[in-house]
Amino acid sequence: MSTEIWQWILVIASSLILFALSPYAKTTASFFKANHNKKSPNVLVLTGSLIISWIFAKSITNAANLGLDFGLVGGVAYAGYYLSFAVAGLLIYQLRTKGGFTSIHDFLTSKFGKKAVAVFTFLIIIRLFNEVWSNTMVIGSYFGETGSASYYTAIIVFTVLTLSYAIKGGLSSSIFTDVIQMVLFSVLLIIILYTIFSVENFSTKDIVTSGTWSFELGLNLFFAAIIQSFSYPFHDPVLTDRAFISSPKVTRKSFLWASLLGAICIVLFSLIGVYAQTQGLKGQAAVEVGKAFGVVVLLVINFIMITSAASTLDSTFSSFSKLLAVDLGLGKSLTFGRLAMVAIAVLGTIPIFFNAEILSATTISGTMVIGLTPIFVFWNYKVPKISFYLSIGCGILFGFLLVFKVFPEALIFTKGRYADLLWVNVWGIFSCNLLYFVPRWIKQ
């Protein structure tokens, strides 16, 4: 059988198995909060769910490509985003234990009012919207050239199959399947790394010497990722929803472990790109390495993409459903929750017809929400409500400066790729914090 047929078998078979194994949610507590049989996820389950739901198909594709472009530095740079787990885990622990808040929306409503919640909701809807297309596009790329019939068919079929088991169990189904997907991801990654290191002309020395630790060759992205990690997690309900379903201590421990282990996974996957660099391969690193090793390895890499994309996609559907039904209180019924999943699946698929770029879904949206940094880092400081809007508005402004490439070059102090991303975030985070506290100082 051809490689494409095997790929279709993997997509369909894995989806049907997950559908069969997924728990059926009969209550809203199970569907929206993963409270199955009155039990919440333990540290092991929650940690695995966090890692695999954030190891997107787009993120491991980016990690491999950055390994190809910058060597080991590229993988470490992208892994910088996983500081987000530690930041979110520690701050949400404080929100829950010291503030007594039951959700992010509860905190924002209490401190800044319903209008602020409306603005915040708009930001996270954009985030969830991006998550659908940016991950399914990766799957499509394994079945055909961008814009081809096979490319679009794969995306649509994959989305529908993932939606089917997400609808069945909601967040319970998402977390249950995350555990299975995390085990699969780990096994498949070990197989790939074993294959790569079995090559005679590739060693740890090649990895260590594969990149240069300079701003021009990867560190611009690394420091931008570190800066964004203080705001990025809070506009991602896939992450924050999981911060309120177990006890505060279990949650904090899970998030700290996820930060470390998730970063390690990303660095390890970037070694695929490092290998591609040493072999002089060009194009999409994971695909080219798969082709170089033959059909079996290509299918293993393809299955990793399917696993990671499915875990993120079903989590996205669950989070959007909970956002509308529970956080916004638009309709707490199971029927409403399931219809909400269908809606985001349809709307989130539309951008694939407009050739959007997957890395921009992370870097640009991450810049536009840097205004969330002071709001959560200094959550217990009393500030006027206007502080929220000033900080958020400032972040969005800097995001647009990056998108339209109109940020003054005189304020960019490093060279190379991602230099504009780094310095837009440096100046942006400074401005957002300043504007956040100015009304407090004026009022005093």
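Below are the figures for this structure:
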{"read-out": "Boolean, GLY393 is small (Gly, Ala, Ser) and not in a helix (DSSP H, G or I)", "value": "no"}
{"read-out": "In the stretch 184-212, the residues that are over 21 Å from ALA57 (Cα atoms) and crowded, with 16+ Cβ neighbours inside 10 Å", "value": "PHE202, ASP206, ILE207, SER210, GLY211"}
{"read-out": "Any hit, the stretch 250-258, residues being surrounded by fewer than 22 Cβ atoms within 10 Å (Cβ to Cβ), of a type in the set (Lys, Arg), under 24 Å from TYR194 (Cα atoms) and over 16 Å from the mean Cα position of the chain (by Cα)", "value": "no"}
{"read-out": "Yes/no for VAL438 being over 26 Å from the mean Cα position of the chain (by Cα) and modelled with pLDDT of 95 or more", "value": "yes"}
{"read-out": "Residue within the stretch 156-166 that is closer than 22 Å to GLY283 by Cα and either buried (at least 24 other Cβ atoms within 10 Å of the Cβ) or among the hydrophobic types (A, V, I, L, M, F, W, C) (or both) present", "value": "no"}
{"read-out": "Pair list, Cβ under 9 Å, 6 or more apart: the stretch 401-413 residue of a type in the set (Val, Ile, Thr) and at pLDDT below 90, other residue surrounded by 10 or more Cβ atoms within 10 Å (Cβ to Cβ) and part of a helix (DSSP H, G or I)", "value": "VAL403/SER360; VAL403/ILE364; VAL403/THR367; VAL403/MET368"}
{"read-out": "Output for the stretch 403-424, where each listed residue is aliphatic (A, V, I, L, M), surrounded by fewer than 21 Cβ atoms within 10 Å (Cβ to Cβ) and not in a loop (DSSP other than H, G, I, E, B)", "value": "VAL403, ALA410, LEU411, ALA419"}
{"read-out": "Positions within the stretch 54-87 being under 18 Å from TYR232 (Cα atoms) and in a loop (DSSP other than H, G, I, E, B), in sequence order", "value": "ILE55, PHE56"}
{"read-out": "Residue that is in contact with a helix residue (DSSP H, G or I) (Cβ under 8 Å, 6 or more places away or on another chain), among the aliphatic types (A, V, I, L, M), in contact (Cβ under 8 Å) with a residue 60 or more places away in the chain and over 17 Å from THR177 (Cβ atoms), where the choices are LEU50, LEU46, LEU72", "value": "LEU72"}
{"read-out": "Selection within the stretch 111-140 - among the polar types (S, T, N, Q) and out of contact with any Phe, Trp or Tyr (no Cβ under 7 Å at 6 or more places or on another chain)", "value": "THR121, ASN130, SER134"}
{"read-out": "Qualifying positions in the stretch 377-394 - surrounded by fewer than 16 Cβ atoms within 10 Å (Cβ to Cβ) and polar (S, T, N, Q)", "value": "ASN380"}
{"read-out": "Residue count, the stretch 16-53 (criterion: in a loop (DSSP other than H, G, I, E, B) and among the β-branched types (Val, Ile, Thr))", "value": "1"}
{"read-out": "Answer residue from the stretch 97-115, given it is buried (at least 18 other Cβ atoms within 10 Å of the Cβ) and more than 23 Å from the chain's Cα centre (by Cα) and is nearest to LYS322 (Cα to Cα) among those", "value": "PHE101"}
{"read-out": "Residue satisfying all of: in the stretch 213-249; acidic (Asp, Glu) and buried (at least 22 other Cβ atoms within 10 Å of the Cβ); farthest from PHE378 (Cα to Cα) among these", "value": "ASP241"}
{"read-out": "Subset of the stretch 365-379 [modelled with pLDDT of 95 or more and either in a helix (DSSP H, G or I) or over 27 Å from the mean Cα position of the chain (by Cα) (or both)]", "value": "LEU372, THR373, PRO374, ILE375, PHE376, VAL377"}
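Every residue, every condition in (1) buried (at least 19 other Cβ atoms within 10 Å of the Cβ); (2) not charged (D, E, K, R), yes or no:
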{"residue": "LYS282", "(1), (2)": "no, no"}
{"residue": "MET305", "(1), (2)": "yes, yes"}
{"residue": "ALA310", "(1), (2)": "yes, yes"}
{"residue": "THR316", "(1), (2)": "yes, yes"}
{"residue": "LEU323", "(1), (2)": "yes, yes"}
{"residue": "LEU328", "(1), (2)": "no, yes"}
{"residue": "LYS332", "(1), (2)": "no, no"}
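The values are calculated or read from the model by the stated rules, or taken from the named source; none is laboratory data. Values in this document were obtained by computation on a predicted structure and should not be read as measured data. Ideal geometry is used to build each Cβ from the backbone, glycine not excepted, and the neighbour counts take in all protein chains shown.
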